[in-house]
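A short reminder: the numbers here are calculations on the coordinates, not readings from a lab. For clarity, every value in this text was computed on a predicted model and none was experimentally measured. Note that we place each Cβ from the backbone using ideal geometry, even for glycine, and neighbour counts take in every protein chain shown.
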Amino acid sequence: MNYSEGIPMVKKDAFVTHGSQRLVMRDHRRSPGCSDSRVTAAPRPPWVPFDNTSHYPTLHGKGLNGLFYDGHAGLLKPAELRVSNFREPGSVPPVAGYPGE
C-alpha cells in the first residue's frame, strides 16, 4: 500500500481527481508499504526510479498488478509508472524529473 504524501487514503472521495490513474495497491517487492523510505520524515514521495526492479518487481513476466482507486485492476510496466499514479498533482515534496506531479 502506498503511504506517500498526497495519496487518497483517509481522504474523502472528492480528494481524488483521477481515480482511474491513482494506484491504491500494487505488487511490491520489499515491504507491504510503498514510499521512499530513504526520506526519514514525512512528507515522503514515491520511490523512484520506477524501473528499479528491487522495488517494482516484474512478477508476471512483463509487469506487476495494480489496483486503482476507481476499482479497476491492470498489468503495469514499471518503466511506464508516473509520480501521478501514486499521489495527487502538486503534492510535496517535488520529485526531480516529474514537475507538477
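Just checking, does segment 50-70 include any residue being in contact with a Ser or Thr (Cβ under 7 Å, 6 or more places away or on another chain), surrounded by fewer than 17 Cβ atoms within 10 Å (Cβ to Cβ) and over 17 Å from residue 6 (Cβ atoms)? Within segment 50-70, one or more residues are in contact with a Ser or Thr (Cβ under 7 Å, 6 or more places away or on another chain), surrounded by fewer than 17 Cβ atoms within 10 Å (Cβ to Cβ) and over 17 Å from residue 6 (Cβ atoms). For segment 72-89, the tally of residues that are in a loop (DSSP other than H, G, I, E, B) and under 19 Å from residue 6 (Cα atoms) stands at 6.
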